[in-house]
Amino acid sequence: MDKKSVIDILEEIGVMLELKGESESRARAYYWAARVISSLDVPLETLIAENKLKELKGIGKALSAKITELVTTGRLQYHENLKSSFPETLFELLKIPGMGPKRLKAVYDTLGIKSLGELEYACHENRLISLKGFGIKTQEKILLGIQQLKRYQGQYLYDFAQKEAEKILSLIAQHSKVIQSSVVSSLRRKVEVIKEIDILASTNDKMKVMDFFTSLKDIESVTVKGDAKSNVTLPLRYTQGQGQALNTGINVNLYTVSDAQFPYVLRYLTGSEEHNIAIRDRAAKMGFEMNEDGLFKDGKFIECKDENQIFHKLGLAFIPPELRENTGEIELAERDALPKLIEESDIKGTFHVHTTYSDGISTVAEMAEAAMKLGFTYLGISDHSQYAAYANGMKPDAIQKQHREIDTLNCKFDNFKIFKGIEADILPDGSIDYDDAILAAFDFVIASVHSKFNMTEEEMTKRNIKAIENEHVTMLAHPTGRLLLGREGYPVNVAKVIDAAAANDVVIELNANPHRFDLDWRYCKLAKEKGVKISINTDAHNLDELRYTYMGVGIARKGWLEAKDVINTMNLREVCDVYSR
DNA sequence: GCCGTTTTCGGCCCGACTGTTTTCAGTCG
């Protein structure tokens, strides 16, 4: 059993113990154990094999036995027994912001509420306010939270959808009857939130391919099976965003066409709808007829062997899928003036990485090694600052220790450098955590908001601008604080923030964590026009998350960014010139 | 359930914010 599932189960046991009215400390022991495990960087299997689980602080005899049972057998009898005494739907209520174990117990025990639907109804009937500790505002907040969850229903984070799609596409592509295949629609356009996975394949034997697709091992159910289109649902997996309480597994559509049709349908299914309408209008004005089956003039089929030729026939340069949103790409393609979008191979390094000095689970050295493996020539470490106590923010002595460690490591490297950075909190009044002397010791300073999200747009904009105007600040991180499918961003005037960044020569981060993708791609073009540089930052808290850099490149492309707009494309010497102190 | 002793039982937990209270409970990052 994987680590994430172990963590989920331990936390669920904690909640169930609280619901049962067991001692809070006992429940807390399970929460704590979950935290300890989440911060491990050795596999649980190793610890178990070496009988070292009990050495972890907070894991004693009982928890050690339970975790061992979980990891080795994939289940835990104690957990299953507990779980069978509660309605299955009860736990989805915990996904509501502001709803924790205590309030869950109150609505379950007193009102007998066991699902989101029942809770929503009870809110409408004003039944929550009768509960001790509940009032009008809490009830309103819960109702709002339920509505938000419903809005997020049926949506999936890009990272998750992309991984699922890749697995299926690789199987389809290997099938002997498949000639060409591709992911299409929003996933191909690299939209940040995905509703369905659509895959297109060309073949001379549609039914054979559909038989194969609908009988794949890892699918939950088959909804539709035809020779041109089939739809299956994948099993629900537990690796998704926090706002997905109501979700089932994601749907996958497979479309099959003849090989001659492939480029036309590839273009058509890639969309977007707005882009397709504009393209079709253009085709019509040029005397073409354009539909899913192909491109026609006077009823005659115009042969194109790929998408490039289709665009060419319409007097356009090839438009990369990411740009097909009808936001000016067609006009520029007509003048062959589309931007030369940034490529994954342009990336030389990344910034905004956490380590064990704050809330990361890997050491500075491990992170650097992982970055080198990706071919990076530099890495900007930026742990949390002291104000972020929840994230173990660094006190001044920790900073000194980290800097000494980085200096020692840097001496050992040839063509690689670790830059000393900090993710410093922007305090509610817009000032930056730490005094000037401490801030001056870093190569770069990332400023970000992690507290007091409930300001007005005007206050929050002012707060961010004041931070940008601080002479020590190099870049602004996750400008809206949004968590996709989890939390709306705080209100802030992004255009004004971009103006301030331009005026103060401050870089804006494109946070490449798929939960964030913040700066939103819709603002990247504006930042570029204003001359603001973008940094693709992973916000990695472990080794694996460094790969988010490449997802960030996808979003940067969607935001029209070129290599010269992104500071991660600078080589080591250039970064040294700009940032090293 | 874990830990650590003044060693077999009592305390355990960071701090801000919100909403409910009228001094604090619950949630969250």
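Where a number appears in this text, it was derived from the coordinates with a stated rule and is not lab data. Please read all numbers here as calculations on a predicted model, not as lab measurements. Cβ atoms come from the backbone with ideal geometry, glycine included; neighbour counts cover every protein chain shown.
Take the convex hull of the alpha carbons in segment A:1-86; its mean projected area over all directions comes to 5.1 nm². Here the ratio of the Cα radius of gyration of segment A:344-579 to 2.2 N^0.38 Å is 0.92.
Taking a quarter of the surface of the Cα convex hull of chain A gives a mean projected area of 30.2 nm².
Relative to its Kirkwood radius, the Cα radius of gyration of segment A:390-527 gives an Rg/Rh of 0.99. If the Kirkwood radius is taken over C-alpha pairs of segment A:38-151, then at 37 °C and 0.692 mPa s the Stokes-Einstein diffusion coefficient equals 197 µm²/s.
Largest first, the extents of the alpha carbon coordinates of segment A:156-334 on the three principal axes equal 49, 38, 22 Å. Dipole magnitude for chain A: about 980 debye, using +1 per Lys or Arg Cβ and -1 per Asp or Glu Cβ, origin at the Cα centre.
Dividing the alpha-carbon radius of gyration of segment A:466-532 by the rule-of-thumb value 2.2 N^0.38 Å gives 1.06.
In terms of overall dimensions, the C-alpha atoms belonging to segment A:118-228 reach 66, 26, 20 Å along their principal axes, ordered largest to smallest. Dividing the summed helix terms, -39500 (n - 2.57) for each DSSP H run of n ≥ 4, by the number of residues in chain A produces a 222 nm estimate of -12500 deg cm²/dmol to the nearest 500. Among the listed pairs A:Lys20/A:Lys114; A:Lys420/A:Lys533; A:Lys3/A:Lys452; A:Lys4/A:Lys66; A:Lys417/A:Lys564; A:Lys3/A:Lys57, those with a Cα-Cα distance over 25 Å are A:Lys3/A:Lys452.
Across chain A, Cα pairs under 8 Å and at least six residues apart give a relative contact order of 10 percent. Within chain A, no whole DSSP H helix has Cα atoms reaching 20 Å or more along its own axis together with a mean Kyte-Doolittle score of at least 0.5.
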